[in-house]
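The values are calculated or read from the model by the stated rules, or taken from the named source; none is laboratory data. This one's a predicted model, so the numbers in the text were calculated from it and none came from an experiment. Using ideal geometry, Cβ is built from the backbone for each residue, glycine included, and neighbour counts are taken over all protein chains shown. Quick note on the areas: whole protein, heavy atoms, side chains included, nothing else; ligands and nucleic acids left out. Shrake-Rupley method; radii C 1.70, N 1.55, O 1.52, S 1.80 Å.
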Amino acid sequence: MPKKFSFSLILSLIISLSVSAQESGSFTLQQAIEYAYQHQAAVINAGIDEKIADAKVKEIIGMGLPQLSASFDLKDFEKIPTQFIPDFLSPAIYHILKDENLVQTEPANNNAVFPVQFGTRWNATAGLTASQLIFQPSYLVGVQASKTYREISRKNLTRTKIETSVAVSKAYYNALVSRERFKLLEANVVRLQKLKDDTKALYDNGFVEKIDYDRVVLAFNNVSTEKENVSRLLVLSDNLLKLQMGMDIGSPISLSDSLSSETIKNISMSVEKPDATKRIEYSMLETQKRADMLILKNNRTGYIPSLVAYGSLSTSAQRDEFDIFSSGKKWYPTGLIGATLSWNLFDGFQREKKIQQAKLSLQKTENQMLNATNAFTLEAEAARTQLMNSIASFNTQKENLELANEVVRVTKIKYDQGVGSNLEVITAETSLREAQTNYYSALYDALINKVDYDRAMGAIK
């Protein structure tokens, strides 16, 4: 029992720390990606599309379930409809009168008609109708197609998450690199500030010329301006990261991960050959091919007849007064059941042309899959080459940075001991800043190329 309590306590503590980190706006790369999955509009909309697809599948399935409807109709004939019937009374009366020798002449109009009104003022009908699809091949194909549509929406959500993960990763690394550059520039400013103060003291005491002091001031101003520029770019990089995460631009954010040369050292590349089938885009093409095959199948099933059963039950009432619902008055029921077998025998070759179009669409998708296989393989190989080149470039720039730092250290010692000039120091500082810029540029390229490589190899899920 104490062990279980201890484990639960540790687990709760971990969860609490994770939640606290999120609420304070501190994110690791993985936390930033997970946050984007929950808040990025593109991911949210892709998730909504998946729910729409689920509802669509159920809608299609519902078409094959029993259909039941009810109706009630009430009519008030303010004027009862008039109909005309032949005048059958006049000839009958004439013949009677003639037989009795009461009349001798024929009626003036043997084709006469006269108006009559049939029916009652109030009429009501209540009915219940049911139908059931017994057999329809296109319905069965439609259910399969709707499930394929749902599969496409799910894969689209996966693709959107992958794209979001790539975008967040690149923005996160950009923000990290900007922070590291800013830290180095701060150190450069402090170092040059001291050099400027020392040179000013030497100049005031007549040990160095004014041009020596001016060189130091110029270098100090340049690095201070660069620091301010990077400071503004740091804000911009943070805002870009928040945008990719779906986070409010005005919210504070801090990054928990850090960068070092070990980050690049730990980068590994798969020895496996690129496999296009691991790409979500290729998987979506496979699903699209199945959809095209179902469209072709659906057009072919149009030659098969369909069968629908139905039935209805209704009752009606006719009244001269509005007493439709009086319990003592009679209603007159009507009921029927039936079935409809429909078979399209000839449609002017429309279906044949639809089948031809479906075959051509399927052929296009197969061509796209073949082209995608080659394109994804080439993309993966190119990403591997770029990553290898960027790692090699980073190693070179890392070595250059170490050399530049050593040159600055030695020239500063020589200057402090009076055996070197401040021109050497300024030149070394300039070379150092250039080496720092190149180093972080190479570091960023290596990180970004690693993301592109993982995406090209289908390693990002």
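Going by accessible surface with a 1.4 Å probe and the largest first, Phe394, Phe220 read Phe220, Phe394.
Could you look at the chain and say what percent of its accessible area is carbon and sulfur, using a 1.4 Å probe and all protein chains? Answer for the chain: carbon and sulfur cover 58 percent of the accessible area.
Pairs exceeding 30 Å between alpha-carbon atoms, taken from Lys161/Lys354; Lys155/Lys398; Lys242/Lys273; Lys170/Lys265; Lys161/Lys289: Lys161/Lys354; Lys155/Lys398; Lys242/Lys273. Over the range 372-461, Cα pairs under 8 Å with separation of 6+ residues give a relative contact order of 46 percent.
Look at the alpha carbon pairs under 8 Å that are at least 6 residues apart: their mean separation over the length of the range 176-331 gives a relative contact order of 20 percent. Of all lysines in the structure, the ones whose alpha carbon falls short of 18 Å from that of Lys210, not counting any fewer than 8 places away in one chain, are Lys194, Lys196, Lys200. Protection proxy ranking, highest mean first, for peptides 285-293, 196-204: 285-293, 196-204, where packing is the per-residue count of other beta-carbon atoms within 10 Å, averaged.
Protection proxy ranking, highest mean first, for peptides 31-37, 188-194: 31-37, 188-194, where packing is the per-residue count of other beta-carbon atoms within 10 Å, averaged. Across the chain, Cα pairs under 8 Å and at least six residues apart give a relative contact order of 22 percent.
Loop-resident GluC sites (Glu not before Pro) (DSSP state other than H, G, I, E or B) in the range 208-251 with no more than 16 further Cβ atoms inside 10 Å of their Cβ: Glu209. Shape index of the chain: Rg/Rh, with Rg the Cα radius of gyration and Rh the Kirkwood radius from the inverse mean 1/r over Cα pairs, equals 1.35.
The average projected area of the range 225-382, computed from the convex hull of its Cα atoms over all directions, is 26.5 nm².
Solvent-accessible surface of the range 358-456, taken per residue with a 1.4 Å probe and all protein chains present: 52 Å².
The calculated pair-distance distribution of the range 351-461 uses every alpha carbon pair, bins of 10 angstrom beginning at 0, and gives 14, 22, 18, 15, 12, 8, 5, 4, 2, 0 percent. Placing a label point 7 Å from the Cα of Glu352 along the Cα-to-Cβ direction, the residues of the range 279-309 with a backbone N closer than 17 Å are 299-304. The Cβ shell under 11 Å around Asp347 holds other residues with a net charge of +2, Lys and Arg each +1, Asp and Glu each -1.
Under the combined filter of DSSP loop state and at most 12 neighbouring Cβ atoms within 10 Å, the range 335-379 retains these chymotrypsin sites (Phe, Trp or Tyr not before Pro): Trp343, Phe346, Phe349. Take the convex hull of the alpha carbons in the range 291-434; its mean projected area over all directions comes to 27.0 nm². Helical content of the chain, expressed as a calculated mean residue ellipticity at 222 nm, amounts to -23500 deg cm²/dmol (DSSP H runs of 4 or more residues, -39,500 (n - 2.57) each, divided by residue number, nearest 500).
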